[in-house]
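Trainee: Right, I'll just put the structure down here and ask away after.
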Amino acid sequence: MPKMKTHSGLKKRLKKTATGKLKRQHGYVSHLAPHKTHKQKKHLAKSGTVSPSDYKRIKSRI
């Protein structure tokens, strides 16, 4: 059976860290931004990691 292809949209959104975790960006950063506080936008701009519950599902696509 042939190999599974990497999901094209997912490979643009995630990066793998040195320890093997998946790094991602937060959503809701630019949409309706004027009413969000500066603190809220600052925290959303930082990257996060994929939660362990989602990691198992996403790992098969990368």
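Trainee: Relative contact order for the chain using alpha-carbon pairs under 8 Å, separation at least 6, rounded to a whole percent?
Mentor: For the chain, the relative contact order is 40 percent.
Trainee: Report, in debye and to the nearest 20, how large the dipole of the chain comes out about its Cα centre when Lys and Arg carry +1 and Asp and Glu carry -1 on their Cβ.
Mentor: 180 debye
Trainee: Using square roots of five times the C-alpha gyration tensor eigenvalues, list the equivalent-ellipsoid semi-axes of the chain in whole Å, biggest first.
Mentor: Here the semi-axes work out to 29, 13, 9 Å.
Trainee: Additional query: Rolling a 1.4 Å sphere over the protein heavy atoms, what is the accessible area per residue of the chain, to the nearest Å²?
Mentor: Each residue of the chain exposes 93 Å² on average to a 1.4 Å probe.
Trainee: Set the bar at 29 Å for Cα to Cα. Now go through Lys15/Lys42; Lys5/Lys39; Lys21/Lys42; Lys11/Lys46; Lys3/Lys41; Lys12/Lys42 and name every pair that lies beyond it.
Mentor: Beyond 29 Å between Cα atoms: Lys5/Lys39; Lys3/Lys41.
The values are calculated or read from the model by the stated rules, or taken from the named source; none is laboratory data. Predicted model only: the values in this text are computed from it and were never measured. As a convention, Cβ positions derive from the backbone with ideal geometry for all residues, glycine included, and neighbour counts pool all protein chains shown. Note: accessible area is taken over every heavy atom of the protein model, side chains too, but ligands, DNA and RNA are not part of it. Shrake-Rupley method; radii C 1.70, N 1.55, O 1.52, S 1.80 Å.
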